[in-house]
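Shown next, in structure tokens, is the structure this report addresses.
The values are calculated or read from the model by the stated rules, or taken from the named source; none is laboratory data. Keep in mind that what you see is a predicted model, and the values were worked out from it rather than measured. Note: ideal-geometry Cβ built from the backbone for every residue, glycine included; neighbour counts use all protein chains shown. Surface accessibility is based on the protein's heavy atoms, side chains included, excluding ligands, DNA and RNA. Shrake-Rupley method; radii C 1.70, N 1.55, O 1.52, S 1.80 Å.
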Amino acid sequence: MSDAIDRLDLLDLDDDLPEEDRLLRDTARKFADDRLRPHIREWFEEGTLPARDLAREFGELGMLGMHLKGYGCQGAKASQYGLVAAEIEAVDSGLRSLVSVQGSLAMYSIYAYGSEEQKQRWLPEMAAGKLIGCFGLTEPDSGSDPGSMRTRAVRDGSDWLLTGNKMWITNGSLADVAVVWARTDEGIRGFLVEKGMPGFTTQDVHHKISLRASVTSELILDEVRLPESSMLPLAHGLKAPLGSLTEARFGIIWGVTGSARDALAATLDYATTRSQFGRPIGGFQLTQRKLAEMAVSLQQMQLTARRLGELKDGGRIEGHQISFGKFANVRAALEICREARSILGGSGITTEYPVLRHAVNLETVYTYEGTHEVHTLVLGSRLTGLDAFR
């Protein structure tokens, strides 16, 4: 596989990685290959994941909230986090989701909008993987339009009473703390809801075809009583949860380069060893055309991720640029996996090869944290100056 990965680097992008970044990337790749890859077929087929054990291992390697500063976090560059996300998603999108929901949604929300007391209480243990967080924004009837959420928090003396349902929440039933967004008379606000609080229950989503190596849950909030100290003091309006989503989308842009690379590398190995009509199928013109187109598309994805990494490291990235990355890279990754499956033939529909598993996972990535259609309209609005959402 490593030889195939090298051959896919047609533009020698790897040569330009700083030594520190290369060492970090190689550490993440080795962990992914040694600890995750040997088990992913079993986890995916059985729909299970030793998430708590893995969270601690990710934490020991400094991968959780690694781009945040202080509170036990590494303070790494955003582009370095992107390199790690790509290596984890090269094994499975569900594993990268565990990392990104923890660090870029739950931890980032506390980091960006929380009080100093909240940061000190939660972030060090979350960075170590000893505590798990989730991010509750999406609802059964509120997805692309989070402003229509029905979850509501009302004041009751000095406390808040929180009622509603959140759906499709990664890490939901595992979470020691849930960042939950709700309507109030003061607008949209964020709250930290702790596991075991009266009225707070979870229910896992079963019978999934996609992201099977990931815990997906419904959060049920029935007049959960919260003290004032549970509110994120700096989170006002939809801008706050959307800011957290923008942070997480950056990891997706890099992550899907990993799943596409893994699918293509496996296919390249197959095409050079599988023989038909007395020769390797990789020697046929139609197969070479497919491989060439996929390899070029992969490098374009990687260039997009690199450029957005430069912008984010420089503090200059904008929301429409994140939309550009998710729009372009997830679509390209899906197309690579679908075309790669065609080269694998019947073998491509089994979990012996990672290609179709990556494809069905990417169908979810195509939708979550902003659907492909929503990012299309973000770009359209940027180009025309006209808002098509309402």
For residues that are among the aliphatic types (A, V, I, L, M) and surrounded by fewer than 24 Cβ atoms within 10 Å (Cβ to Cβ), scanning just the range 325-342, find the one that is nearest to Leu298 (Cα to Cα). Ala332
Residue list for the range 304-319, filter: assigned to a helix (DSSP H, G or I), open to solvent by less than 80 Å² (accessible area, probe 1.4 Å) and more than 21 Å from Thr364 (Cβ to Cβ): Arg306, Leu308, Gly309, Leu311, Lys312, Asp313, Gly319
Might you check whether a residue that is of a type in the set (Ser, Thr, Tyr), surrounded by fewer than 22 Cβ atoms within 10 Å (Cβ to Cβ) and farther than 18 Å from Asn171 by Cα occurs anywhere in the range 80-97? no
Meets criteria (open to solvent by less than 50 Å² (accessible area, probe 1.4 Å), among the β-branched types (Val, Ile, Thr) and farther than 22 Å from Glu369 by Cβ) for Ile322: no
Does Leu11 count as more than 16 Å from the chain's Cα centre (by Cα) and in contact (Cβ under 8 Å) with a residue 12 or more places away in the chain? yes
For residues that are farther than 28 Å from Ser323 by Cβ and part of a loop (DSSP other than H, G, I, E, B), scanning just the range 105-153, find the one that is farthest from the chain's Cα centre (by Cα). Ser115
Restricting the search to the range 132-158, which residues are open to solvent by 40 Å² or more (accessible area, probe 1.4 Å) and either β-branched (Val, Ile, Thr) or within 17 Å of Phe191 (Cα to Cα) (or both)? Thr138, Arg150, Arg152, Val154, Arg155, Asp156, Gly157, Ser158
Give Ser217, Ser259 a once-over and let me know the one that is closer than 24 Å to Leu362 by Cα, touching a residue at least 12 places away in the same chain (Cβ under 8 Å), open to solvent by less than 10 Å² (accessible area, probe 1.4 Å) and touching a strand residue (DSSP E or B) at 6+ places or on another chain (Cβ under 9 Å). Ser217
Tell me whether the range 22-38 contains one or more residues that are touching a helix residue (DSSP H, G or I) at 6+ places or on another chain (Cβ under 6 Å), closer than 25 Å to Ala333 by Cβ and either without any contact (Cβ under 8 Å) to a residue 12 or more places away in the chain or not in a helix (DSSP H, G or I) (or both). no
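Here's the yes/no breakdown for (1) of a type in the set (S, T, N, Q); (2) under 24 Å from Ser342 (Cβ atoms); (3) at pLDDT below 95:
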residue	(1), (2), (3)
Thr273	yes, yes, yes
Ser297	yes, yes, no
Gln300	yes, yes, no
Arg307	no, no, no
Leu311	no, no, no
Out of all the residues in the range 368-377, is one or more closer than 17 Å to Gly255 by Cα and out of contact with any helix residue (DSSP H, G or I) (no Cβ under 9 Å at 6 or more places or on another chain)? yes
Matching residues, the range 229-242, being in contact (Cβ under 8 Å) with a residue 12 or more places away in the chain and over 28 Å from Gln300 (Cβ atoms): Ser229, Ser230, Met231, Leu232, Pro233, Leu234, Ala235, His236, Gly237, Leu238, Ala240, Pro241
Of (1) at pLDDT 95 or above; (2) more than 30 Å from Ile88 (Cβ to Cβ); (3) open to solvent by 10 Å² or more (accessible area, probe 1.4 Å), Asp176 satisfies all except one. Which? (2)
Filtering the range 276-302 down to residues that are open to solvent by 20 Å² or more (accessible area, probe 1.4 Å) and under 21 Å from Ser100 (Cα atoms) yields Gln302
The one condition Lys239 fails out of (1) within 17 Å of the chain's Cα centre (by Cα); (2) open to solvent by 20 Å² or more (accessible area, probe 1.4 Å) is (1)
Can you say whether Thr170 is at pLDDT 95 or above, surrounded by fewer than 22 Cβ atoms within 10 Å (Cβ to Cβ) and among the hydroxyl-bearing types (Ser, Thr, Tyr), as far as the supplied structure shows? no
Of the conditions (1) more than 13 Å from Leu226 (Cβ to Cβ); (2) out of contact with any helix residue (DSSP H, G or I) (no Cβ under 7 Å at 6 or more places or on another chain); (3) modelled with pLDDT of 95 or more, Arg155 fails just one. Which one is it? (1)
Exception for Thr273 within (1) open to solvent by less than 30 Å² (accessible area, probe 1.4 Å); (2) under 27 Å from Arg41 (Cα atoms) falls at (1)
